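S.K.: This is the structure I want to talk about, given as structure tokens.
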Amino acid sequence: MATDTIRATEDIAHIGKSRVYKNFIDGEWVEASTGETFENRNPADTRDLVGIFQKSGKADVDAAVDAAKRAFQKWRLVPAPRRAEILYRAAELLIERKEDFARDMTREMGKILKETRGDVQEAIDTGFYMAGEGRRMCGPTVPSELPNKFAMAVRQPLGVCAMITPWNFPMAIPSWKLFPALVAGNTCIIKPAQDTPLSVFNFVRTLSDAGVPRGVVNIVTGFGSKMGAPLMEHPEVRAVSLTGSTDVGRIVGETCARSFKHCSLELGGKNPMIVLDDANLELALEGGLWGAFGTTGQRCTATSRIIVQKGVYGDFVHQFVERARRLKVGNGLDETTEMGPAINKPQLETDLSYIEIGQSEGARLLCGGHRLEGGEYANGWFLEPTVFADVNSRMRIAQEEIFGPVVSIIPCDSLEDAIAIANNIQYGLSSAVYTRDVNKAFAAMRDLHAGITYINAPTIGAEVHLPFGGVKATGNGHREGGIGAIDFYTEWKSIYVDYSDRLQKAQIDRPE
Ligand code: NAD
């Protein structure tokens with residue numbers, strides 16, 4: 001294996017002072033066959049060019065798939081504990097590089113340093129957790145119904161897997177996909193979101209430095225509209241894992257179904273946080289602000305609906321708005337900033353259009369609603385933290401994923417009413433309830449239609465060793481995180497060993 005291991009060199013070229021990052025295919029850093037590139041700019045200050053990246057096309061995808069197919073023949077035979085040692089080393093390297101990678105990430109997608117450090121940490125945690133699976137990946141060994149016969153099931157890798165990732169967790173989400181796929185013996189091609197290729201470049205570079213052999217992980221950067229079809233339609237790709245919007249999920253799901261590819265979809269959310277009359281209000285306020293405005297509201301698990309019982313509604317709304325107004329918006333590289341910019345101009349325009357929609361629907365705009373301009377905001381995509389109150393749950397701002405710092409507060413009469421409002425939505429990712437009543441907490445845990453429920457915590461904050469994903473339009477039933485990820489990247493093979501030296505017939509040879 002050592003001869004297959006390459007040390008990454010010449011991964012970056014320069015045009016003037018600008019860095020040009022390359023694709024990584026078959027252990028080589030290469031330019032796209034199209035000869036085209038695209039720019040990655042800092043959303044907090046668009047004068048800051050983070051880097052220039054390859055705008056790849058079908059030929060690049062094909063080259064990456066060929067490399068991954070060849071590499072699979074060796075990688076699948078490396079014992080899983082040995083594969084895990086490389087991943088363990090990658091996690092250690094990520095610890096060493098954490099601060100640099102967090103700064104790169106804040107520059108390329110805007111979220112504050114505290115959160116980008118958390119994003120890299122999530123990749124580290126996933127690396128250690130999944131490396132542990134290298135010595136487990138358990139399957140059932142069961143008694144046979146026949147004498148002198150042995151029965152067991154083992155996990156087998158799928159082969160070449162394609163990963164398509166979003167921009168909001170640019171290292172954590174790639175790690176949720178690559179680490180389990182690799183420990184299970186698959187080879188991979190990752191296509192990062194066009195807004196955040198640098199964080200995936202940093203991650204893949206680290207995997208290579210840790211000793212992942214050539215061709216086992218390949219990165220091909222570019223636009224989903226051009227690269228999606230070649231990746232999803234390639235006959236040698238056995239599985240596609242997408243995290244992204246529900247609209248793109250529908251395209252990916254339909255395309256993969258035509259060639260029976262495994263397909264994991266982690267999609268949008270419109271996550272409710274319920275605050276009951278008996279809640280610790282201070283805790284709920286603090287959690288609500290973090291859930292709604294962390295990552296500028298651009299989390300799939302963002303708290304985008306706060307459903308508040310009437311006894312505390314007035315008090316909660318008043319204090320929530322007061323605190324939202326005081327949040328410090330700015331460049332995430334400044335340690336005192338509490339909320340960064342929108343990821344790009346189209347997202348800012350979407351946020352502003354939903355603010356207009358909310359007003360035209362009759363919701364009460366109590367704070368924010370405007371783009372921040374001039375001074376430190378002059379060259380970025382900044383929006384004020386925005387709060388709507390008296391929102392009716394049928395309004396578009398309460399039904400559609402905005403993916404920005406825009407929160408809808410909805411009044412409710414009771415826990416039952418709150419749960420009905422929470423569930424009346426196409427999505428089902430995360431949910432939260434603030435209450436001191438254990439009976440109500442357990443009823444909510446049972447009745448909320450969501451893949452995740454938090455009690456006395458906001459809708460964000462998943463840990464890597466439990467299943468992550470949602471119900472309804474949030475996904476197609478697979479889970480990332482925890483052992484569920486290994487389930488997606490392996491296929492079961494049941495094995496029967498008959499050592500009776502005679503033909504034994506299951507279901508037929510039985511005592512009368
Ligand atoms: P997006 O759907 O626009 O893009 C996601 C990825 O899909 C990108 O890499 C993009 O290039 C690619 N893509 C775009 N068109 C494609 C096509 N036709 N074929 C194949 N690939 C294509 O999403 P985004 O804006 O990057 O991320 C935000 C969305 O992701 C939100 O809806 C958010 O809720 C969701 N998200 C979900 C989770 C989760 O785990 N459920 C986590 C994070 C983000």
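S.K.: Could you list all residues from region 285-299 that are open to solvent by 10 Å² or more (accessible area, probe 1.4 Å) and either out of contact with any Pro (no Cβ under 8 Å at 6 or more places or on another chain) or at positive phi (or both)?
M.R.: Matches in region 285-299: GLU286, LEU289, ARG299.
S.K.: When you look at PRO458, is it touching a residue at least 60 places away in the same chain (Cβ under 8 Å) and more than 30 Å from PRO147 (Cβ to Cβ), yes or no?
M.R.: yes
S.K.: With respect to THR337, is the statement that it is more than 22 Å from ARG364 (Cα to Cα), more than 10 Å from the ligand (Cβ to nearest atom), hydroxyl-bearing (Ser, Thr, Tyr) and outside any strand (DSSP E or B) true?
M.R.: yes
S.K.: Does region 234-284 hold any residues that are near the ligand (Cβ under 10 Å from one of its atoms), in a loop (DSSP other than H, G, I, E, B) and open to solvent by less than 10 Å² (accessible area, probe 1.4 Å), and which are they?
M.R.: Result: GLY268, GLY269, LYS270.
S.K.: Also, quick follow-up: What number of residues in region 285-317 are within 16 Å of the ligand (Cβ to nearest atom) and under 15 Å from PRO411 (Cα atoms)?
M.R.: Count: 2.
S.K.: Which residues, taken from region 155-201, are small (Gly, Ala, Ser) and within 12 Å of the ligand (Cβ to nearest atom)?
M.R.: Across region 155-201, the qualifying residues are ALA162, ALA172, ALA193.
S.K.: Continuing with the same structure: Before we move on, is MET137 in contact (Cβ under 8 Å) with a residue 60 or more places away in the chain, closer than 22 Å to CYS263 by Cα and within 16 Å of the ligand (Cβ to nearest atom)?
M.R.: no
S.K.: Return the residues of region 431-450 that are crowded, with 24+ Cβ neighbours inside 10 Å and within 22 Å of the chain's Cα centre (by Cα); say none if nothing qualifies.
M.R.: SER431, ALA432, ALA450
S.K.: OK, next. Taking the options PRO174, PRO230, PRO213, name whichever one is under 17 Å from the mean Cα position of the chain (by Cα) and assigned by TED's automatic domain parsing to the domain that holds LYS55.
M.R.: Criteria check complete, one pass: PRO174.
S.K.: Then there is this: Which condition number in (1) over 16 Å from the mean Cα position of the chain (by Cα); (2) open to solvent by 10 Å² or more (accessible area, probe 1.4 Å); (3) among the polar types (S, T, N, Q) is the one that GLN194 fails?
M.R.: With respect to (1) over 16 Å from the mean Cα position of the chain (by Cα); (2) open to solvent by 10 Å² or more (accessible area, probe 1.4 Å); (3) among the polar types (S, T, N, Q), GLN194 is out only on (1).
S.K.: Report, by residue number, each residue of region 205-233 that is among the charged types (D, E, K, R) and either in a strand (DSSP E or B) or touching a Ser or Thr at 6+ places or on another chain (Cβ under 7 Å) (or both).
M.R.: Once the filter is applied, which keeps residues that are among the charged types (D, E, K, R) and either in a strand (DSSP E or B) or touching a Ser or Thr at 6+ places or on another chain (Cβ under 7 Å) (or both), region 205-233 yields only GLU233.
S.K.: Checking ALA44 against (1) within 22 Å of GLU376 (Cα to Cα); (2) touching a strand residue (DSSP E or B) at 6+ places or on another chain (Cβ under 6 Å), only one condition comes out false. Which one?
M.R.: If we test ALA44 against (1) within 22 Å of GLU376 (Cα to Cα); (2) touching a strand residue (DSSP E or B) at 6+ places or on another chain (Cβ under 6 Å), just (2) comes out false.
S.K.: Just wondering, is there one or more residues in region 412-430 that are closer than 19 Å to LEU276 by Cβ, open to solvent by less than 20 Å² (accessible area, probe 1.4 Å), within 16 Å of the ligand (Cβ to nearest atom) and of a type outside the set (A, V, I, L, M, F, W, C)?
M.R.: Yes: region 412-430 contains one or more residues that are closer than 19 Å to LEU276 by Cβ, open to solvent by less than 20 Å² (accessible area, probe 1.4 Å), within 16 Å of the ligand (Cβ to nearest atom) and of a type outside the set (A, V, I, L, M, F, W, C).
Residue by residue, here is whether (1) touching a Phe, Trp or Tyr at 6+ places or on another chain (Cβ under 7 Å); (2) closer than 24 Å to SER241 by Cβ; (3) in contact (Cβ under 8 Å) with a residue 12 or more places away in the chain; (4) not in a helix (DSSP H, G or I) holds:
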| site | (1), (2), (3), (4) |
| --- | --- |
| THR126 | yes, yes, yes, no |
| ALA151 | yes, no, yes, yes |
| PRO174 | yes, yes, yes, no |
| LYS177 | no, yes, yes, no |
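S.K.: With the condition kept exactly as written, say whether any residue in region 204-211 is in contact with a Cys (Cβ under 7 Å, 6 or more places away or on another chain) and closer than 30 Å to PRO346 by Cα.
M.R.: Within region 204-211, none of the residues are in contact with a Cys (Cβ under 7 Å, 6 or more places away or on another chain) and closer than 30 Å to PRO346 by Cα.
The values are calculated or read from the model by the stated rules, or taken from the named source; none is laboratory data. If you're wondering where the values come from, they're calculated on a predicted model, not measured in any experiment. Using ideal geometry, Cβ is built from the backbone for each residue, glycine included, and neighbour counts are taken over all protein chains shown. For accessibility, only protein heavy atoms count, side chains too; no ligands or nucleic acids. Shrake-Rupley method; radii C 1.70, N 1.55, O 1.52, S 1.80 Å.
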